[in-house]
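Below you'll find the structure, written out as structure tokens, and then a few comments.
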Amino acid sequence: MDRTVAKQIARYLVSAEEDRQEVSRITLEHPELSVEDGYQIQEELVLIKLEAGYEIVGPKMGLTSQAKMKQMNVNEPIYGYVFNYMVATGQEISMRDFIHPKVEAEIAFVLGKDIEGSGVTGAQVLAATEYVLPALEIIDSRYENFQFTLPDVIADNASSSKVVFGTKLGRPNDFELDLVGVTLSINGKIKDLGAGAAVVGHPAHSVAMLANMLARKGLKLKAGQTILTGGITGAVMLHVGDAVSAKFDGLGTVDFRVTE
Ligand code: 0L1
Ligand code: MG
């Protein structure tokens, strides 16, 4: 698509994020947008953030569960980027920073080596991974009522908004990551639960798929990046006063509280 239009749409989405203001989905005005167009807009959005001085923590995978893929009628996940300003620094997040946030429990991979090229396997990913750690991702679609089509959500950086990382680092080969069980509780009540296998069969497979998707664009995963692999649990709506806690077998707990 025309680069000027892609930039203009990217600015529209960045403003919605900055103003915490939900906006109409872009495919209402541009019904012709394809998945490729969505990624072109996302690339412009990434450039805007890099020009603003923010740094990429790592790419992330979204729509990795069968349920989300079925809902969006796709057979491949999508990716977006987590930036440094999105990483929570304490155990409180303020509702003022969001439009209509939801939380999901994920396993993150910290890479010790670059992963490049097509045909990457889960085994290669595990060999290149320094640590795995538990995380709570807060997604916050910029679109009204969290309603979007695939090009919309790709352009909107896969709804990325914030991440609370756990503090316990694990060596990837010390776990059967597909069997790691997770519970997500709010105010002491379990809201959802799952196992690592909910993420395209295995979280390492998610990273391999990401490497292969990036390779199609001549990009690679880089040593030092922290990658969110996708939701093990469903995404649960957050409200002021919520005390959120996720327990990961062998990887500890991640907690935060939602303030006004
Ligand atoms: O991280 C995710 O799985 C989000 C992907 C985008 C879809 C959504 O906002 O639910
Ligand atoms: Mg996610």
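The values are calculated or read from the model by the stated rules, or taken from the named source; none is laboratory data. Bear in mind the structure is a predicted one, so any value in this text is a computation, not a measurement. Note: ideal-geometry Cβ built from the backbone for every residue, glycine included; neighbour counts use all protein chains shown. These area figures cover heavy atoms from the full protein model, side chains too; ligands, DNA and RNA do not enter into them. Shrake-Rupley method; radii C 1.70, N 1.55, O 1.52, S 1.80 Å.
Under the rule of -39500 (n - 2.57) per DSSP H run of 4 or more residues, summed and divided by the residues of the chain, what mean residue ellipticity at 222 nm is obtained, to the nearest 500 deg cm²/dmol?
Calculated from helices alone, the mean residue ellipticity at 222 nm is -8000 deg cm²/dmol.
Shape of segment 41-190 from the C-alpha gyration tensor: rounded (a/c under 1.5, with a ≥ b ≥ c the square roots of its eigenvalues). Among the GluC sites (Glu not before Pro) within segment 1-84, those in coil by DSSP and having at most 12 neighbouring Cβ atoms inside 10 Å are Glu32, Glu55.
Using Cβ point charges alone (K and R +1, D and E -1), the dipole size of the chain about the Cα centre works out to roughly 400 debye.
Restricting segment 1-103 to chymotrypsin sites (Phe, Trp or Tyr not before Pro) that sit in a DSSP loop and have at most 12 other Cβ atoms within 10 Å of their own Cβ leaves nothing. For segment 98-109, backbone phi angles converted through the Karplus equation (6.51, -1.76, 1.60; θ = phi - 60°) give residue-by-residue couplings of 9, 9, 8, x, 10, 10, 9, 8, 9, 9, 9, 10 Hz, Gly and Pro being listed as x.
A dipole drawn for the chain from +1 and -1 charges on Cβ atoms has a positive end, and of Ile93, Ile9, Gly194 the residue lying farthest that way is Gly194. Given the C-alpha centroids of segment 55-119 and segment 192-260, what is the distance between them in whole angstrom? Cα centres, segment 55-119 to segment 192-260: 6 Å. Structural descriptor for segment 1-120: relative contact order 23 percent, calculated from alpha carbon pairs under 8 angstrom and at least 6 residues apart. Classify the chain: rounded, prolate or oblate, from the alpha-carbon gyration tensor (a ≥ b ≥ c, eigenvalue square roots; a/c under 1.5 rounded; otherwise prolate if a/b is larger than b/c)? Because a/c hits 1.5 or more and a/b fails to exceed b/c, the chain counts as oblate.
Cβ-Cβ distance of Arg3 and Asn212, R₀ of 30 Å, FRET efficiency by 1/(1 + (r/R0)^6): the value works out to about 0.70. Solvent-accessible surface of the chain, averaged per residue with a 1.4 angstrom probe and all protein chains in place: 44 square angstrom.
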